[in-house]
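The values are calculated or read from the model by the stated rules, or taken from the named source; none is laboratory data. Just so it is clear, the model here is predicted, and its values are computed rather than measured. Here the Cβ is made from the backbone with ideal geometry for all residues, glycine too, and neighbour counts use every protein chain on show.
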Amino acid sequence: MRYYDSFEQYDSLPCAVMIGKFDGLHLGHRALISAMIAKETNLTKMILSFEMRGSKAEEILTEREKIALCEELGLNAFLHVDFDESIRNLSPEQFVTEYLYSSLNAKAVYVGGNFRFGKDRSGDTDTLQKLCQKYGIRVTVISGVTIDGAPVSATEIRKKISSGSMQEASELLGSPYFISGTVVMGRQLGRVMRFPTLNLLPEQNKILPPNGVYRTMTYAKGRAIPSITNVGTKPSVTDEKTVVVETHLLDFPLSASLGYGSDIRVEFLSFIRPEQKFNGIEELCKQIERDIRVVKLEFDCES
């Protein structure tokens, strides 16, 4: 995957480009990707992602996660563009002429049916097709995906994640919601308590499910390992308020081989229980044992 942080960085190879914010890379976005990959076999297949730097909006995917997922889905170039005043104030014609045609050498453009662009969102898909026709750029418009009559949207997915409805969120996304990152040092109580964990500190704008315990699948060293994950502040062992993602792998030998600095991805499959405060470590350990039995039973039911 080639990454570009501005239009100027792109090397002008003929490309097919899909345009948008693509938060979550959900089923609707994947329909665009699938169509582009199937048809544009001889072009660089690029995602042009507009981002607002400094935005406090909660994101389903961090930029790092989005880039990794785009590569897994078959794209080979990622162009990140800050949605600043210089971009926001472009007319539709300026955007097509200066950026799609001149900077990107685009031969094909893929957008969703509700795509708007240009100053004050004055351009729509009809505008895009008319302007691109002048330069011989093909435009493909794909309507949004619906499930049970309701459109798939990032807004609805955020609602599912925020309520802990992980299976429903996965259905809308096309794959499980996940948190990825580098393992950091925790308080090392897990080993004392017989349940060693791999700890992640989520990025600030990453949307998180409610504090609690989840059945998860963890990807590390090229393997998928059944796991159990706690999201929360660990009220039974500390008064700190920092939210930590702690994952216990059900394959203990592999867990022991993963040190600090290891990159992992934790996919959330189902909600087990909310976070609780226990009266001491022993009571907490007994509950963790019960949680692990529940998680193992759910995994056995799927196998």
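Descriptive notes on the structure:
- Of the residues making up segment 28-43, just one is in contact (Cβ under 8 Å) with a residue 40 or more places away in the chain and either out of contact with any strand residue (DSSP E or B) (no Cβ under 9 Å at 6 or more places or on another chain) or part of a strand (DSSP E or B) (or both), namely R30.
- Test result for T127, over 14 Å from G20 (Cβ atoms), over 15 Å from the mean Cα position of the chain (by Cα) and assigned by TED's automatic domain parsing to the domain that holds A224: no
- Any hit, segment 106-119, residues being assigned to a helix (DSSP H, G or I), in contact with a strand residue (DSSP E or B) (Cβ under 7 Å, 6 or more places away or on another chain) and under 22 Å from K39 (Cβ atoms): no
- Taken over segment 11-32, the criterion of being of a type outside the set (D, E, K, R) and either surrounded by fewer than 21 Cβ atoms within 10 Å (Cβ to Cβ) or farther than 17 Å from K107 by Cβ (or both) is satisfied by S12, L13, P14, G20, F22, G24, L25, H26, L27, G28, H29, A31.
- Residue count for segment 1-16 under the criterion of being in contact with a helix residue (DSSP H, G or I) (Cβ under 7 Å, 6 or more places away or on another chain) and closer than 15 Å to L75 by Cα: the result is 3.
- Single match in L32, L25, L13, L48 (criterion: touching a Gly at 6+ places or on another chain (Cβ under 7 Å) and closer than 25 Å to G118 by Cα): L32
- The single residue among V81, V96 that is within 29 Å of T146 (Cα to Cα) and either outside any helix (DSSP H, G or I) or hydrophobic (A, V, I, L, M, F, W, C) (or both) turns out to be V81.
- The residues listed here are V237, V243; of these, the one that is at pLDDT below 90, of a type in the set (V, I, T) and under 20 Å from P209 (Cβ atoms) is V243.
- Just so you know, in segment 253-277 the residues that are farther than 17 Å from R215 by Cβ and at pLDDT below 75 include one that is surrounded by the fewest Cβ atoms within 10 Å (Cβ to Cβ), and it is P253.
- Candidates are the residues of segment 130-174 that are small (G, A, S) and under 23 Å from V17 (Cα atoms); the one that is surrounded by the fewest Cβ atoms within 10 Å (Cβ to Cβ) is G136.
- Scanning segment 108-129 for residues that are surrounded by fewer than 14 Cβ atoms within 10 Å (Cβ to Cβ) and free of Cβ contacts under 8 Å to residues at least 12 places away in the same chain yields D120, R121, D126.
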